[in-house]
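Nothing in this text is a laboratory measurement; each read-out follows from the coordinates by a stated rule. Predicted model only: the values in this text are computed from it and were never measured. Positions of Cβ are backbone-derived with ideal geometry, glycine not excepted, and every protein chain shown enters the neighbour counts.
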Amino acid sequence: MKAVVIASLALLSSLSAMAAETDQQALVKQGEYLARAGDCVACHTAKGGKPFAGGLPMETPIGTIFSTNITPDPSGIGAYSFDDFDKAVRHGIAKNGSTLYPAMPYPSYARVNQADMQALYAYFMNGVEPVAQANKDSDIPWPMSMRWPLAMWRWAFAPAVADFTPVAGQDPVVSRGAYLVEGLGHCGACHTPRALTMQEK
């Protein structure tokens with residue numbers, strides 16, 4: 001009888017592990033879809049470089065910044081917890097506590113819901129090839145290179161993080177489109193005029 005119980009427990013444990021692995025694979029797949037919807041690869045891949053390894057130069061009114069390595073290598077986001085990842089993507093706060101330049105469209109990503117953030121994290125940690133490539137320093141002259149004013153910009157202009165809420169009675173297809181366009185798709189980041197202080201009007 002004892003042997004039967006042990007065998008049953010072992011089978012249940014095995015089935016539970018298989019179910020967990022299936023769930024993780026589904027989460028990674030969902031994260032891959034979301035990363036494509038957000039076109040993360042476009043900004044985080046340099047010409048001729050490895051996907052998501054960063055290094056793409058971006059010209060801004062104050063100088064050139066370079067996209068960062070978001071692969072799961074230690075030189076990228078390999079040491080990021082989910083909380084670190086969430087703070088960077090939706091709040092615009094780097095792992096070291098500094099504020100990210102809003103070329104990273106965190107004001108748009110503030111609308112992404114928690115479940116999709118979990119899926120994105122699973123994808124970047126488990127579905128992306130690690131690439132050892134150090135991040136490049138920005139080419140912005142002092143005093144514009146100081147980061148502390150960015151925290152004030154974030155406080156003044158970045159919306160509070162809040163899961164996207166569909167409009168009551170709205171067509172669910174339209175609602176889903178709005179979620180993708182206003183959030184991960186960050187269409188407004190490029191297609192909305194900006195003020196002198198660089199926030200979207």
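If only the Cβ of Lys and Arg carry +1 and only the Cβ of Asp and Glu carry -1, the dipole of the chain around its Cα centre is close to 180 debye. All C-alpha to C-alpha distances of segment 31-84, sorted into 10 Å bins beginning at zero, yield P(r) values of 24, 47, 27, 2 percent in whole numbers. Legend: distances between Cα atoms for K50/K95; K50/K201; K29/K50; K95/K201; K87/K136; pairs beyond 27 Å are K50/K201; K95/K201. The long axis of helix 2-37 is offset from the longest Cα principal axis of the chain by roughly 20 degrees.
All Cα-Cα distances of the chain, cut into 5 Å bins from zero to the largest, leave 1, 7, 12, 17, 18, 15, 10, 6, 4, 3, 2, 2, 1, 1, 0, 0 percent in each bin in turn. Hey, how many Å between the Cα centroid of segment 17-68 and the Cα centroid of segment 71-127? Cα centres, segment 17-68 to segment 71-127: 10 Å.
Normalising the average separation of contacting C-alpha pairs (under 8 angstrom, six or more residues apart) by the number of residues puts the relative contact order of the chain at 23 percent. Proximity of backbone amide H atoms, modeled 1.01 Å from N, is registered between I93 and A88, L100 at under 5 Å, excluding neighbours fewer than 5 places apart on the same chain. Kindly express, to the nearest 10 degrees and within the range 0 to 90, the angle between helix 114-126's C-alpha long axis and the longest C-alpha principal axis of the chain. Once rounded, the angle reads 80 degrees. Relative to the longest principal axis of the Cα atoms of the chain, the long axis of helix 148-157 makes an angle of roughly 80 degrees.
Counted over the chain, the DSSP beta bridges are approximately 90% antiparallel. Helical content alone sets the calculated 222 nm signal of the chain at -13500 deg cm²/dmol, taking -39,500 (n - 2.57) per DSSP H segment of four or more residues and averaging over every residue.
Between Y101, S145, A158, the Cα set farthest toward the positive side of the dipole of the chain (charges on each charged residue's Cβ, about the Cα centre) is that of S145. Farthest toward the positive end of the dipole of the chain, out of L34, P74, A122, is the Cα of P74, where the dipole comes from beta carbon charges about the Cα centre.
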